[in-house]
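Readers should treat all values here as calculations from the given coordinates under stated rules, not as data from a laboratory. Computed from a prediction, not measured in an experiment: that's the story for all the values here. When we count neighbours, we look across all protein chains shown, and the Cβ atoms used for this are built from the backbone with ideal geometry, even at glycine.
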Amino acid sequence: MNKRTFLGLAAASVVLAATFLIAGQAPPKVGLPVLTTSAGQSTDVTTLNIVLDEAGITYDYCDVPTPEMVADGAGLGGRESGPGFHVESTTDSSKYPAGTPYKAVIFAIGASLKGMGASGLTLDSEEARLKKVIDFCKQKKIFVMAVHIGGESKRGPAGSDNERMIDAVAPYADYLVVTKDSNKDGRFTKLSQSKKIPLTEIEYALGLVDIVKQIFQ
Amino acid sequence: MNLKRLVPLSGTLLLAVLLAGHLSTAAGPSAGDEIIAGEGCTSILVGKLASTDGSVMTTHTCDCGTCDWTWRHVPAADHKPGSTRKIYHISQYKTWPPAEGLKWDLYKKDATGLEIPEVAHTYAYHHGMFGYMNEKQVSIGESTIGCQRKMQNPTPAAKLDLSMLTLLGIERAATAREAIQVMGALAEKYGYGFHDDGEMLAVADANEAWIFEICPVGPLWTPDGGKPGAVWAAQRVPDDHVSVCPNESRIGEIDLTKTDFFMASSNVVSLAVEMGYYDPKSGKPFSFKRAYSPVEGSATSTNGRMQRLWRFFDLAAPSQKFKPETPNMDLPFSVKPDKKISVGDVMAMTRDRSYGTPFDPVQGIRGGPFKNPNYYRGTRVIDHGLAEYSTVTQSRAGLPDPIGGIVWIAFGSQDTSCYMPLYAGMTEIPKSFMVGDHWTFSRDSVRWAFDYTDFHVQVAYSEAIKDVQAAQAKYEAELIQRIPEIDAQALALYKKKPAKAAEFLTGFSLNNAATVTAAWWKLGDDLLVKYNRLYLYNAEKRGFSRGQPATPDWWKKAVRAFDILLEPDKK
């Protein structure tokens with residue numbers, strides 16, 4: 001790590017610490033393997049995956065997992081990418097052999113009409129899929145983490161595409177991480193308080209690096 | 001089924017399978033680091049010694065299909081010391097229903113919260129999806145090139161996306177070099193990305209044409225991290241050369257000691273090393289495109305999906321016999337054309353459909369009996385029928401800037417549209433250019449006039465396109481011939497009083513746009529009557545008998561061949 005990166009991470013850590021103090025909650029500890037995905041084909045899942053890369057945490061990624069795929073555990077049952085379906089795995093199979101049950105699923109929230117179109121999804125079908133996946137996670141006690149790091153552009157008026165994706169995931173999460181830009185109207189703070197979901201607010205996506213380290217390492 | 005029919009039918013089925021694969025170009029979001037060559041805009045550049053009249057030219061086929069097509073004129077402005085410029089996130093793709101207002105007012109809802117120091121004076125310019133031409137003849141064209149996945153930065157930390165960057169560049173720059181420096185420096189300071197990733201801009205003035213390419217630096221960038229928030233390079237097209245960007249990065253090796261030909265951000269090599277996209281120990285020279293936006297394939301290997309680069313060079317310099325099998329990354333940055341190129345030639349290039357090449361969209365039965373190139377979209381031609389509008393900019397030394405600069409605009413698909421000039425010195429643009437969208441038909445919107453004609457061409461394309469070409473000859477080609485006369489009149493006025501020249505050029509351009517728009521509404525009407533129900537009506541003769549557009553023999557044979565193939569077995 002060079003000096004600038006170190007300083008950047010140090011600054012992010014200070015911000016992170018401050019947000020924990022404000023929230024009064026420390027990030028929970030959860031083990032691996034972890035699956036990353038999006039709610040609404042958000043491009044922010046790419047950012048999420050890069051955050052995990054930066055933190056040195058291995059993961060499986062699938063853009064549209066079903067409960068069956070989650071049930072197949074690490075390696076996603078050997079599924080491969082195809083039209084409208086994308087998977088990627090960096091999970092260390094020596095530590096977590098194929099089929100090891102996931103301990104956590106991280107959802108990057110945000111609707112991308114372009115992305116959903118490419119995957120043949122509609123908002124209704126995406127909501128239905130997300131409900132099934134979250135229900136499965138609850139049933140199997142898989143930790144659900146929701147991140148909203150797209151800022152205001154991934155928000156909107158009540159009932160809008162982005163808000164529907166938030167409604168589909170955030171209230172059922174075990175832990176929320178959002179950027180300040182995403183939470184300007186306090187929506188996630190209110191949700192956190194009403195549903196008693198731990199919330200961490202970060203300044204930039206970089207702030208998520210230390211958080212995932214604390215959760216998954 | 002007998003064997004004689006099984007063989008050709010199997011062949012047909014095989015062909016259908018191959019075609020299905022060939023036609024399926026939707027790639028979806030990629031999880032890997034493969035760069036998918038975009039299906040978007042094409043941008044052509046022509047150096048001043050490569051053009052017939054000394055013009056420096058750029059083009060932009062704004063290929064989207066669902067984007068906003070409206071334009072506006074932004075006047076020059078003086079700003080008090082201490083003023084700030086608000087920065088907005090402007091999506092190339094976001095639209096609003098016309099009832100809610102105009103995009104170029106409504107995008108201000110998406111303020112980033114950042115305000116940067118304003119300059120003392122901002123130049124007037126014509127503005128569509130990007131800033132296209134300012135009063136100093138600085139012009140811009142665009143093509144998305146993509147970048148390595150890990151470089152994308154959709155986070156709000158990146159305050160500048162491409163549209164905003166072009167507005168800042170064209171507001172603040174009197175030369176192409178200045179525009180590049182302005183855009184590059186601001187992107188480095190405030191972060192680039194958000195709505196956009198790897199992008200190319202054709203940036204020109206009356207003397208030079210440059211290709212400017214810019215990429216984000218990843219989502220973990222923060223403004224206080226001490227690193228540039230963008231990586232970019234720019235390469236000048238030699239004055240006697242032409243170049244093109246068809247959604248593929250064009251800048252390879254860079255030599256920053258040649259300051260008249262190269263510019264780049266300070267991190268241009270170090271970022272590639274840091275991110276693992278370039279190894280200085282490899283012994284190979286650093287290449288911008290290979291590091292940040294590598295695209296594998298050739299025109300041939302992609303079945304024509306990536307044929308625009310080869311096609312353009314083959315059009316411009318057929319004597320050099322470029323091969324479609326050559327990997328696109330190995331094709332040159334620019335080429336000296338076999339003959340000097342006129343503005344009319346450039347317009348024709350924007351209309352190119354690769355007819356007569358291995359990627360001809362109407363070869364065989366692909367275009368149906370009336371050779372319609374829109375039936376088969378498996379190959380990606382320059383005129384793909386997707387354009388919101390296309391621009392051809394001319395920046396001409398030897399004339400005062402308000403007269404020397406012209407943006408020619410053709411709304412809708414280039415083949416059925418008509419280029420109309422907007423001089424740089426105009427102080428307003430036609431009202432019909434400022435309104436309309438894809439989802440609500442409007443007689444008030446210029447775009448719908450051209451779509452109206454385009455729609456009626458599709459019925460019997462090979463016949464109806466001749467009617468359109470006749471109109472283009474009258475309203476476009478003849479006007480090109482008249483431009484020197486318009487220039488001369490404007491110049492005479494300019495010498496007396498520049499404001500009079502601006503008034504004249506505004507009046508001329510508005511009148512011409514109104515004339516052409518009316519002509520295209522009428523052309524659409526005429527085509528509807530002439531080819532109504534796929535007959536041929538002669539409106540002048542009003543005769544009882546009516547013909548049909550001629551169905552070619554090869555089509556009749558193809559129909560017979562299919563009949564035989566699908567005939568039930570004879571016992």
Return the subset of A:LYS131/A:LYS184; A:LYS29/A:LYS95; B:LYS323/B:LYS557; A:LYS154/B:LYS103; B:LYS103/B:LYS189; A:LYS184/B:LYS159 for which the Cα-Cα distance in this structure is over 23 Å, preserving the input order. A:LYS131/A:LYS184; B:LYS323/B:LYS557; B:LYS103/B:LYS189
Dipole moment magnitude, nearest 20 debye, segment A:92-214 about Cα centre, only Lys, Arg, Asp, Glu C-beta charged: 420 debye
Under a 5 Å amide H to amide H cut-off, with H placed in plane at 1.01 Å, what residues pair with A:TYR204 once short-range neighbours are removed? none
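Test of understanding: given chain B, find the longest segment containing no GluC sites (Glu not before Pro) that are in a DSSP loop and have at most 10 other Cβ atoms within 10 Å.
Value returned for the longest uninterrupted segment is B:1-324.
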Modelled label-to-label distance, B:THR427 and B:THR84, 7 Å Cα→beta-carbon offset: nm? 3.2 nm
Could you sort out which of B:LYS108/B:LYS431; A:LYS103/A:LYS132; B:LYS48/B:LYS80 sit more than 28 Å apart by Cα distance in this structure? B:LYS48/B:LYS80
Per-residue ³J(HN,Hα) for segment A:61-68, Karplus 6.51 cos²θ - 1.76 cosθ + 1.60, θ = phi - 60°, Hz, x for Gly and Pro: 10, 9, 6, 9, x, 9, x, 5
Once phi for every residue in segment A:36-44 is put through the Karplus expression 6.51 cos²θ - 1.76 cosθ + 1.60 (θ = phi - 60°), the whole-Hz ³J(HN,Hα) values, with Gly and Pro written as x, are 10, 7, 10, 10, x, 6, 4, 5, 5
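Let me know the mean shielding of B:359-370 by other chains, meaning the per-residue number of their Cβ atoms within 10 Å of its Cβ.
0
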About the Cα centre, and with charges only on the beta carbon of Lys, Arg (+1) and Asp, Glu (-1), how big is the dipole of the protein assembly as shown? Nearest 20 debye, please. 940 debye
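With a sphere of radius 12 Å drawn around the Cβ of B:ILE341, what net charge do the other residues whose Cβ falls strictly inside it have (Lys, Arg +1; Asp, Glu -1)?
After counting each charged neighbour, the total is 0.
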In terms of modelled amide H atoms, which long-range or inter-chain residues lie less than 5 Å from the amide H of A:PHE143? A:ALA104, A:VAL105
In chain B, which helices (entire DSSP H runs) extend 18 Å or more along their own long axis, judged by Cα positions, while averaging at least 1.0 on the Kyte-Doolittle scale? B:3-23
Positive-end extreme of charge dipole, the protein assembly as shown - chosen from A:THR37, B:PRO117, A:LEU48 (charges on Cβ): A:THR37
As a footprinting exposure proxy, order A:PHE216, B:PHE562 by other Cβ within 10 Å, with the fewest listed first. B:PHE562, A:PHE216
In angstroms, what radius of gyration and Dmax does segment B:88-195 have, counting Cα atoms only? 14.0, 40
Once phi is turned into ³J(HN,Hα) by the Karplus curve 6.51 cos²θ - 1.76 cosθ + 1.60 with θ = phi - 60°, what whole-Hz value does each residue of segment B:246-251 show in order, with x for glycine and proline? x, 6, 9, 4, 10, 8
With 10 angstrom as the radius, rank B:ILE365, B:ILE409 by how many other C-beta atoms surround their C-beta, starting from the fewest. B:ILE365, B:ILE409
Footprinting proxy, A:ILE50, B:ILE140: sorted fewest to most Cβ within 10 Å, the residues are A:ILE50, B:ILE140
How about B:LYS466: which aspartates and glutamates have a C-alpha closer than 16 Å to its C-alpha, ignoring those fewer than 8 places off in the same chain? B:ASP352, B:ASP415, B:ASP454, B:GLU476, B:ASP525, B:ASP526
Where Lys and Arg each count +1 and Asp and Glu each count -1, what net charge lies around A:ILE109 among other residues with Cβ under 13 Å from its Cβ? -2
For A:LYS132, what charge total do you get from the other residues with a beta carbon under 12 Å from its beta carbon, if Lys and Arg give +1 and Asp and Glu give -1? -1
Amide H of B:CYS62 versus every other amide H placed in the peptide plane: which residues, excluding those fewer than 5 positions away on the same chain, fall under 5 Å? B:GLU388, B:TYR389, B:SER390, B:THR391
Per the protein assembly as shown: cysteines with no other Cys C-beta under 4.7 angstrom? A:CYS62, A:CYS137, B:CYS41, B:CYS62, B:CYS245, B:CYS418
